[in-house]
Amino acid sequence: MKNLKNNLSEKDTLINTNMGQWLKYERKKSYILVNGKKKPITQSMVAKKLGVTFQQVQKYEKGDNTIPIFRWFALCDYFNVQPNRVKELVTGDIFLLSEDMLVSNITETKTGDSNDNNDVYPKE
């Protein structure tokens, strides 16, 4: 069986990258309330919701792995975003977000359990 990753078209690769950037952007701008305090959503939280490992979420965010459609719908539901809006964003010919937009929102790194060491949070 051929490796599917090596057979993706340039457009499919761009869509994977855009989907990953969308996921990362939505995660970093989203918070949950815990004991009356806003807590950023981590890769581990998203992974638990999807039933995958946080490493898989990392691969989705990098665009290395394709997000299956059923998980894509779960993500839209989790972040309260209409799937058609996401489709419009990620199927364009340019990246959804530039790396500069993501990096400019980062203000601190997380300390905590080893599952979340790569998470960074946007400024509140």
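The values are calculated or read from the model by the stated rules, or taken from the named source; none is laboratory data. Since the model is a prediction, treat every value here as computed from it, not as a measurement. So basically every Cβ, Gly included, is an ideal-geometry build from the backbone, and we count neighbours across all protein chains shown. All accessible areas refer to the heavy atoms of the entire protein, side chains included, with ligands and DNA or RNA removed. Shrake-Rupley method; radii C 1.70, N 1.55, O 1.52, S 1.80 Å.
Quick look at the numbers
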item	result
Solvent exposure, largest accessible area first (probe 1.4 Å, DNA, RNA and ligands not counted), of L75, L8	L8, L75
Where T66, T91 fall by accessible area, highest first, once all protein chains stay in place (1.4 Å)	T66, T91
Accessible area (Å², 1.4 Å probe, nearest 10) - R27	10
Counted charge near I69, where neighbours are those whose Cβ lies closer than 15 Å (Asp, Glu -1; Lys, Arg +1)	0
Cross-link pairs K24/K87; K11/K39; K11/K49; K37/K87 - those with Cα-Cα distance over 25 Å	K11/K39; K11/K49; K37/K87
